[in-house]
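Heads up: the structure comes next, in structure tokens.
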Amino acid sequence: MPLLDHFHGALSTERHWESFHASWADEIMAVLNEGVLPPGYFAETQIHFGSRVEVDVASLRGEQAEPGNNGGVAVQTGTATTVLTMPAVFPDEIEVQVIQQSGGPTLVGAIELISPRNKDRPESRRAFAAKCCAYLQIGVGLLIVDVVTERPANLHDELLDLLRQPEEYHFPSDSLLYSVAYRPFRTEETGDQIEIRPVPLAVGRILPTLPLSLRRGPTIPIDLDLSYTRTRQRSRL
């Protein structure tokens with residue numbers, strides 16, 4: 001089915017994008033587990049909107065933590081300790097993880113559905129890019145999908161800026177929607193490299209099929225149109 005604009009017009013007021021994105025991630029997981037993934041692998045979703053960190057109740061009440069006597073953390077007395085607090089961003093996470101079971105559950109691939117809050121501020125964009133960078137640096141295959149029409153930021157470009165890559169790897173400036181597949185690999189001749197497959201997206205057009213390279217494993221096809229179509233059907237869109 002053609003891609004809809006989930007952030008403008010009647011669709012944005014009648015339906016919640018959070019519900020659709022979460023359902024889409026679950027549908028991608030289901031498609032992978034139904035037969036796309038080979039034996040020894042499974043997919044699961046990780047979905048968090050807003051902060052995932054619990055509110056510091058002690059700070060809100062003006063209380064200070066005391067050394068624990070029953071399983072708590074004991075703090076050495078008489079020692080001067082400097083505690084610093086720095087600002088941080090805990091971004092939205094709409095992610096499908098591919099896990100390899102052999103040798104204990106190990107993350108080998110990730111699919112990221114970008115949210116508006118991933119793009120709304122420089123800090124949020126850097127946080128998302130840093131997460132993607134961490135995956136790539138340990139060899140985890142990565143696919144990002146951006147269908148957010150209400151914010152113009154390009155998180156692929158943000159990631160490349162973090163990796164200090166030249167402009168030639170960026171999308172054209174008018175590429176609002178996009179998907180990108182990243183394959184980290186190493187050869188004796190060239191050393192560490194990341195293969196990039198950028199594909200522009202557009203409202204009204206069919207979503208592509210892209211490869212997801214699993215760390216030390218096979219490359220599997222991610223049929224975005226199939227999972228998106230199933231999600232629209234189940235959502236009655």
If you go through region 172-217 one residue at a time, how many are closer than 20 Å to Val148 by Cβ, small (Gly, Ala, Ser) and modelled with pLDDT under 95? 2
Which of the residues that make up region 145-159 are hydrophobic (A, V, I, L, M, F, W, C) and surrounded by 22 or more Cβ atoms within 10 Å (Cβ to Cβ)? Val145, Val147, Val148, Leu155, Leu159
Looking only at region 77-108, how many residues end up being open to solvent by less than 20 Å² (accessible area, probe 1.4 Å), more than 12 Å from the chain's Cα centre (by Cα) and at pLDDT below 95? 0
Any residue at all in region 159-167 that's out of contact with any helix residue (DSSP H, G or I) (no Cβ under 8 Å at 6 or more places or on another chain) and touching a residue at least 24 places away in the same chain (Cβ under 8 Å)? no
Subset of region 108-118, residues of a type outside the set (D, E, K, R) and free of Cβ contacts under 8 Å to residues at least 60 places away in the same chain, comes to Ala110, Ile114, Asn118
Restricting to region 199-237, give me the number of residues that are within 16 Å of Ala43 (Cα to Cα) and in a helix (DSSP H, G or I). 2
Looking at Ser175, is it more than 20 Å from Cys133 (Cα to Cα), buried (at least 18 other Cβ atoms within 10 Å of the Cβ) and more than 19 Å from the chain's Cα centre (by Cα)? yes
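Quick grid of which residues meet (1) modelled with pLDDT under 95; (2) not aromatic (Phe, Trp, Tyr):
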| site | (1), (2) |
| --- | --- |
| Ala110 | no, yes |
| Pro122 | yes, yes |
| Tyr135 | no, no |
| Val140 | no, yes |
| Val147 | no, yes |
| Asn154 | yes, yes |
| Leu159 | no, yes |
Please count how many residues of region 108-136 are farther than 17 Å from Leu201 by Cα and out of contact with any Leu (no Cβ under 9 Å at 6 or more places or on another chain). 9
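Out of region 1-11, which residues are in contact (Cβ under 8 Å) with a residue 40 or more places away in the chain and either assigned to a helix (DSSP H, G or I) or open to solvent by less than 30 Å² (accessible area, probe 1.4 Å) (or both)?
Within region 1-11, Leu3, His6, Phe7, Leu11 meet the criteria.
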Take the residues of region 179-198 that are part of a strand (DSSP E or B) and more than 18 Å from Leu210 (Cα to Cα): which is most open to solvent (accessible area, probe 1.4 Å)? Arg186
Top-ranked residue in region 31-41 [being assigned to a helix (DSSP H, G or I) and touching a residue at least 40 places away in the same chain (Cβ under 8 Å); ranked as surrounded by the fewest Cβ atoms within 10 Å (Cβ to Cβ)]: Val36
Show me the helices (runs of 4 or more DSSP H) entirely contained within region 99-178 in which 2 or more residues are under 16 Å from Ile194 (Cβ atoms). 122-137, 155-162
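The values are calculated or read from the model by the stated rules, or taken from the named source; none is laboratory data. This structure is a prediction, so every number in the text was calculated from the model and none was measured. Don't worry about glycine lacking a Cβ; one is built from the backbone with ideal geometry, like all the others, and counts go over all protein chains shown. Quick note on the areas: whole protein, heavy atoms, side chains included, nothing else; ligands and nucleic acids left out. Shrake-Rupley method; radii C 1.70, N 1.55, O 1.52, S 1.80 Å.
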